[in-house]
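Structure, as structure tokens:
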Amino acid sequence: AGTSGQGYAGGNTPSYNDVNGAGGGGAGAVGTYQTGGVGIASSIDGTSTYRAGGGGGGGDNASGPGGNGGGGAGSTGAATNGTTNTGGGGGGSIFNNTSGTGGSGIVILRYLGAQRGTGGTVSTAGSYTVHTFTGSGTFTA
């Protein structure tokens, strides 16, 4: 089950098929049979980017794609990891009943006007100053 405001539920595997996994829920939609739920698009940094997609379910002869937004694909072999700096879920695998690791997260701060803070990678998007953190860091205003 999903948590309100944090993501949607994973999909269901049909009762007649117990060897293929369901996709994980994404930030923007539930997972479906083998397919991860889509993430949510944001243009906070000036480019529309999907993040927080659910991981795909693995299967014995077919595997589901990860949700748009960095979710790892399901696999018949080794598990697939979520994409770095997207918060996407790891894909599932029936190989040793494993799953990939989720993609690392990202923190993006944006404010109107010229730069008046430090920390992260600083860029501009139109009239906004953007600070992007892909690891630990400190923002100082």
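The values are calculated or read from the model by the stated rules, or taken from the named source; none is laboratory data. Everything numeric in this text was worked out from a predicted model, so none of it was measured. Positions of Cβ are backbone-derived with ideal geometry, glycine not excepted, and every protein chain shown enters the neighbour counts. The area values use the complete protein model at the heavy-atom level, side chains included, leaving out ligands, DNA and RNA. Shrake-Rupley method; radii C 1.70, N 1.55, O 1.52, S 1.80 Å.
Checking the a/c ratio against 1.5 first, then a/b against b/c, what shape does the Cα gyration tensor give for the chain? Prolate, since a/c reaches 1.5 and a/b exceeds b/c. Distant-in-sequence amide contacts of Val130, defined by a placed amide H-H separation under 5 Å and a gap of 5 or more residues or a different chain, comprise Ser123, Thr124, Ala125. The chymotrypsin sites (Phe, Trp or Tyr not before Pro) found in region 1-51 that occupy coil by DSSP, while having at most 12 further C-beta atoms within 10 Å, are Tyr16. Surface exposure of the chain, expressed per residue as accessible area with a 1.4 Å probe, stands at 52 Å².
For the chain, the fraction of 1.4 Å probe accessible surface lying on carbon and sulfur atoms is 49 percent. Evaluated on region 64-141, the Kirkwood hydrodynamic radius is 14.1 Å, with distances taken between all distinct Cα atoms.
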